[in-house]
Amino acid sequence: MKIFTYVVERCPETGLYAGYVPGFPGAHSQAETLDELRDNMQEVIAMLLEDGEPEFEAEFVGTQMVKVA
């Protein structure tokens, strides 16, 4: 079993949630709910892993905040 971190964003126009695994080409999906998005992400990642180990283009490090006046 492998664990992947994915980023979640919400489109203000459609209300849909979009998720993607940073640096993992093709590992993205969208859904109306966070639960549905999680299920979609599990499915798409499992399908991509059928082709073998992914070659990541980048590594997710984290997020940071910056104060702007």
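Give me the residue from the range 32-69 that is of a type in the set (A, V, I, L, M, F, W, C) and within 12 Å of the chain's Cα centre (by Cα) and, out of that set, surrounded by the fewest Cβ atoms within 10 Å (Cβ to Cβ).
The selected residue is LEU34.
I want to confirm something. Restricting to the range 4-31 and keeping residues that are among the β-branched types (Val, Ile, Thr) and exposed (fewer than 12 other Cβ atoms within 10 Å of the Cβ), which single residue is farthest from GLN64 (Cα to Cα)?
First pass over the range 4-31, keeping only residues among the β-branched types (Val, Ile, Thr): 5, 7-8, 14, 21.
Then drop every residue that is not exposed (fewer than 12 other Cβ atoms within 10 Å of the Cβ), which leaves 5, 14.
On the way: THR5: 16, THR14: 27 Å.
This residue is THR14.
Here's a check for you: in the range 1-53, which residue that is touching a residue at least 40 places away in the same chain (Cβ under 8 Å) and not β-branched (Val, Ile, Thr) is farthest from THR63 (Cα to Cα)? Only one residue tops the list, namely LEU49. When the range 1-50 is filtered for residues that are out of contact with any strand residue (DSSP E or B) (no Cβ under 6 Å at 6 or more places or on another chain) and of a type in the set (Lys, Arg), the ones remaining, listed by number, are LYS2, ARG38.
No value in this document is a laboratory result; all are computed from the given coordinates. Since the model is a prediction, treat every value here as computed from it, not as a measurement. Note that we place each Cβ from the backbone using ideal geometry, even for glycine, and neighbour counts take in every protein chain shown.
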